[in-house]
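Participant: Mind looking over this structure? Questions follow.
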Amino acid sequence: MKTKNITKMNCLLSIALIFCLSLAGGCKKSEVHKGEEGDTPLIGTKWQLIGFADAKTGRIKKAENLFENTYTILFNEDGTFSGHTYSNSILGEAQIDIAKQKLHILEIGGTKINEFYDGRRFLECMRVIERFELGPQGLSLYYDSNNYLLFKPLIE
């Protein structure tokens with residue numbers, strides 16, 4: 001009797017496992033924008049600021065006091081984003097056009113602790129983002145025609 005119950009239980013578990021695996025395989029991946037060194041998803045990747053870059057000179061001013069969870073941004077499929085400055089948590093809404101590489105921050109808010117180091121500059125630049133590029137250096141968020149915030153994917 002116990003052998004029949006164990007066999008039935010194993011059969012049911014096997015069916016449940018196959019069902020779960022088939023569902024997982026059918027999930028839609030978020031849209032991917034291809035960079036020169038492979039596929040890097042803009043949406044769903046947590047990005048950390050490397051620094052403030054100048055496209056004309058190629059110079060990058062590294063972000064001050066860069067720690068594990070400072071100067072980050074994560075774009076979600078529903079158009080929202082979240083992240084951190086140096087001192088604050090941020091969240092908001094963005095309009096993203098992957099095909100045209102356009103990105104505009106529609107709304108940004110968060111905690112209101114006084115910013116230190118590059119926190120204020122990071123927020124000011126985020127408010128006026130015009131477009132993005134993904135490439136071998138990482139994610140570039142342009143806040144004017146020649147200047148951009150350069151991000152790297154943050155592996156957690």
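Participant: Within the stretch 42-74, track down each residue that is in contact with a Ser or Thr (Cβ under 8 Å, 6 or more places away or on another chain) and in a strand (DSSP E or B).
Facilitator: Ile43, Lys46, Trp47, Gln48, Leu49, Ala53, Ile73, Leu74, listed by residue number.
Here is a yes/no grid of residues against (1) of a type in the set (A, V, I, L, M); (2) touching a strand residue (DSSP E or B) at 6+ places or on another chain (Cβ under 6 Å):
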| site | (1), (2) |
| --- | --- |
| Phe52 | no, yes |
| Asn65 | no, no |
| Ile73 | yes, yes |
| Glu77 | no, yes |
| Tyr86 | no, no |
| Glu93 | no, yes |
| His104 | no, yes |
| Gly138 | no, yes |
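Participant: Can you tell me which residue is farthest from Ile155 (Cα to Cα) among those in the stretch 90-110 that are charged (D, E, K, R) and not in a loop (DSSP other than H, G, I, E, B)?
Facilitator: Glu107
Participant: Would it be correct to say that Leu91 is touching a residue at least 12 places away in the same chain (Cβ under 8 Å), over 22 Å from Ala53 (Cβ atoms) and out of contact with any Ser or Thr (no Cβ under 9 Å at 6 or more places or on another chain)?
Facilitator: no
Participant: On to the next question. For Leu103, are the conditions met, namely being at negative phi and buried (at least 18 other Cβ atoms within 10 Å of the Cβ)?
Facilitator: Criteria met by Leu103.
Participant: Which of the residues spanning the stretch 43-55 are within 12 Å of the chain's Cα centre (by Cα), surrounded by fewer than 20 Cβ atoms within 10 Å (Cβ to Cβ) and aliphatic (A, V, I, L, M)?
Facilitator: Passing the criteria: only Ile43.
Participant: In this structure, does Glu93 turn out to be among the acidic types (Asp, Glu), within 18 Å of Tyr143 (Cα to Cα), out of contact with any Lys or Arg (no Cβ under 6 Å at 6 or more places or on another chain) and surrounded by 13 or more Cβ atoms within 10 Å (Cβ to Cβ)?
Facilitator: Yes.
Participant: Quick one: how many residues across the stretch 56-77 are under 19 Å from Leu103 (Cβ atoms) and modelled with pLDDT of 95 or more?
Facilitator: Within the stretch 56-77, residues that are under 19 Å from Leu103 (Cβ atoms) and modelled with pLDDT of 95 or more number 6.
Participant: Same structure again: Taking Ser87 as the residue in question, decide whether it is assigned to a strand (DSSP E or B) and among the hydroxyl-bearing types (Ser, Thr, Tyr).
Facilitator: So Ser87 does not fit the description; no.
Participant: Within the stretch 56-77, which residues are under 15 Å from Leu141 (Cα atoms) and surrounded by 14 or more Cβ atoms within 10 Å (Cβ to Cβ)?
Facilitator: Hits for the stretch 56-77 are Ile60, Ala63, Tyr71, Thr72, Ile73, Leu74, Phe75.
The values are calculated or read from the model by the stated rules, or taken from the named source; none is laboratory data. Being a predicted model, the structure only gives us computed values, none of them experimental. Cβ sites come from the backbone with ideal geometry, for glycine too, and all protein chains shown count toward neighbours.
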